[in-house]
Every structure is written in C-alpha cells, then in structure tokens.
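The structure appears below as structure tokens.
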Amino acid sequence: MSRSRYPVWLILAVAVALLWTFLPMYWVVKYAFMTKSEIARFPPELYPHAPQLAAFYNIFGFDYTAADGTVFPASGQANQIMLGLRNSLLVSAIVTIVTMVVVLPLAYVFARMDFPFKGKMLAAVLLSVSLPPVSTLIPFYTLYVQLGLVGTLGGLVIITLTITIPIVAWLLIGFFKNLPPIEAMGRIDGFSRLYIFVRIIVPMAKSGILVAGVIGFLFSWNEYVYAQVLVTGSDAVTLPAAMSGFLFQVPEPAQLAASLFLSLLPPFFIAFFLQKHVAEMNFA
C-alpha cells in the first residue's frame, strides 16, 4: 500500500484553508439565486432548489417575472450599483497605472542602490503600510472639505494612492532584491543605468510587476472606508459604498448577494489569467 507523499497535517491544513476561503463565497452565491422565503428558512438550505436570476435582473434595473407569474421589481439601488461599478473600474484602473509608474523606479532604487537615510525612508514606507485607513480618515476629510475634493473621483484616486503605493512598493522592493546583480555587467558593456532598468530589469521582473499590479488593483477595488465617507451619495460613489445602501433600506439579501457576486468577478478574472505569474513569484 503506497503512502501519500504529503503529511496528513498538511492535507488537513489545506482543506481548512480552502473551506475558510470558499465557504463564505459559496454562501453569497447561493443567496443570489434564492428568494426571500428560501433565505429565511431555518435550518438554512444548502443550495437553491429552484435557482433564479431575479436578483441579478433587479440590480441592473429590470423587473423579473418568475415562472409562476411572481414579479420581482427592479431594485431602488440599481442606479447606484451601476454608477458604482463604472466608477470602481475607472478608479481602480487609474490608481493601478499611477501606482506602477511611481513604484517601479522607487522600488528599484530602494532595492538595488545605497544612499543616505535609505533605512529611515524605507521605515517610513513600512509605517505607512501599517497605518489603518480609519486612523487618517478625519484629517483627510478635513483637508478634502477645504480643497473641495469631497464627492470627486479625483479626490478618491489621490487618497487611494496613499494605500496602494506603500503596499506595492514594499512588495516590489523584496522582489527586486532577489534579481541577479546584472547592473555591473551592463555598465561594463556601456549601457546607462536607465537603459538597464527599462530594457533588462523590467522584463526580468515581469511576473513580479504583474502580480504587484494585481494587488494594487485589488486594494483599490475593495477600498471601502474612504469611499464610504468621501463619495457616498455623490456621482463618484464606488461599488463597495453603493452596496452598503442595501443595509439602509428594506432588506433585500438576494440583491445584496448578487451585488457582492458582481464585485467578485473582476478580481477573479484578473487573478485567473495571471495565476501562472503568481506561481512564479518570490517576494522573500
């Protein structure tokens, strides 16, 4: 009888991690296809017996007529959900691009060069990563009121960059440190440091850059604290802030679940198509 090459404790740990990760997601997806009466049953149903798309139609602003003639009216939150989806995609794309443009040279310099106060400056970057957004919310809100940036997409992009730039920089600094020291050979061949960075280092670090960009996108896509305070109720509302509106009206758990499912799709597809690059990563 052959023995597994993996110890039992490792298999159990992976099983627990998978259950911990996917069970909440499954519960959300399950609710999105159920009616109010099915959701309210106790003990809860493990799966929808007659799955329907009513909640998805409703959050897009359409009525839905079931097979038995029951009409599910469009959600009153539909306009905010669609506006939030558009704004979240726009803000996340802009934040990701600006983050990578700023962070690539910054992380390279910190990882591959020596200069005065490097350690203290790096500590400042790490400190900004450790600060929770709620700790800076009041100062930022006061500043934004004075500058007239409350309720604007530009203001949300700027404040989201204060989250993504330190985190992505911290990740890429560790990645750039692990690249082979080829600068000296490039300099011997007469290449400038800028040429070496653009034409050699960046292609070598393609996997790390893509994964760091995905992480930056996910942080900006999921940002809720600043968005809830700064843009809720305005034309700059994002999807996480728009979904919170379901908590302040007549309970519609299926519509809330459908909105949550919708918010999972962009990160899921991005992570799916970049999974081979994630497997190649080593940030140690």
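What follows is calculated from the coordinates using simple rules that are stated; it is not laboratory data. Quick caveat: nothing in here was measured; it's all calculated off a predicted structure. All Cβ positions, glycine included, derive from the backbone under ideal geometry; neighbour counts span all protein chains shown.
State, in angstrom, two size descriptors of the chain derived from its alpha carbons: Rg to one decimal place and Dmax to the nearest whole number.
So, for the chain, Rg and Dmax equal 23.4, 78 Å respectively.
Neighbour counts of other C-beta atoms within 10 Å: give me LEU194, LEU143 arranged from fewest to most. Walk me through the numbers before you get to the answer.
Values: LEU194 9, LEU143 14.
Ranking LEU194, LEU143 by Cβ neighbours within 10 Å, fewest first, gives LEU194, LEU143.
Report the calculated FRET efficiency for ALA50 and GLN228 (r = Cβ-Cβ distance, R0 = 35 Å), to the nearest 0.05.
On the way: r = 35 Å, r/R0 = 1.01.
About 0.50, to the nearest 0.05.
Along the charge dipole of the chain, Cβ charges K/R +1 and D/E -1, which of LEU210, PRO181, TYR108 sits furthest on the positive end?
PRO181
Counting GluC sites (Glu not before Pro) as exposed when in a DSSP loop with at most 16 other beta carbons within 10 Å, what is the longest stretch of the chain free of them?
Details: sites that count: GLU45, GLU280.
In the chain, the maximal stretch lacking such sites is 46-279.
Please compute, over every Cα-Cα pair in the stretch 118-271, the percentage with a separation greater than 19 angstrom.
Details: 7789 of 11781 pairs.
That tail contains 66 percent of the Cα-Cα pairs.
Using every Cα-Cα pair within the stretch 1-142, state what percent have a distance larger than 27 Å. Can you show the working numbers first?
Details: 6005 of 10011 pairs.
Distances greater than 27 Å cover 60 percent of the Cα pairs.
Calculate the tail of P(r) for the stretch 16-65: the fraction of all Cα-Cα distances greater than 14 Å, expressed in %.
On the way: 695 of 1225 pairs.
Of the Cα pairs, 57 percent sit more than 14 Å apart.
If you wrap a convex hull around the C-alpha atoms of the stretch 62-109 and split its volume per residue, what is the figure in Å³?
Values: hull volume 4.0 nm³, N = 48.
With only Cα atoms used, the stretch 62-109 gives 83 Å³ per residue.
Test of understanding: given the chain, find the longest segment containing no trypsin sites (Lys or Arg not before Pro) that are in a DSSP loop and have at most 15 other Cβ atoms within 10 Å. Could the numbers behind the result be given before it?
Values: sites that count: ARG3, ARG5, ARG41.
Counting only loop sites that pass the neighbour cut-off, the longest clear stretch is 42-284.
For a quick check, take a GNM of the chain with Cα springs below 10 Å and name the residue from THR152, THR99, THR164 with the largest mean-square fluctuation.
Among THR152, THR99, THR164, the largest GNM mean-square fluctuation belongs to THR152.
To make sure I understand, if each residue's beta carbon is the centre and we count other beta carbons within 10 Å, what order do MET113, MET204 fall in, fewest to most? Walk me through the intermediate numbers first.
Values: MET113 10, MET204 13.
Going from sparsest to densest Cβ surroundings: MET113, MET204.
With a point put 7 Å past each Cα toward its Cβ, work out how far LEU147 is from ALA15 in nm, to one decimal.
5.3 nm
What helices in the chain pass both tests, a Cα length along the helix axis of 20 Å or more and a mean Kyte hydropathy of -1.0 or higher, using whole DSSP H runs? Could you put the intermediate results ahead of the total?
Details: long enough: 8-32 (36 Å, 1.80); 78-112 (49 Å, 1.53); 153-177 (35 Å, 2.08); 206-222 (24 Å, 1.25); 253-273 (30 Å, 1.66).
TM-like helix candidates: 8-32, 78-112, 153-177, 206-222, 253-273.
Enumerate the amide H contacts of PHE72 below 5 Å, restricted to partners 5 or more residues apart or on another chain; note that Pro and chain-start residues carry no placed amide H.
TYR64, THR65, ALA66
Tell me the mean residue ellipticity at 222 nm calculated for the chain from its helices only (DSSP H runs of n ≥ 4, each -39500 (n - 2.57), averaged over every residue, nearest 500).
Numbers: 14 runs with 183 residues, N = 284.
Only helices count here, giving -20500 deg cm²/dmol.
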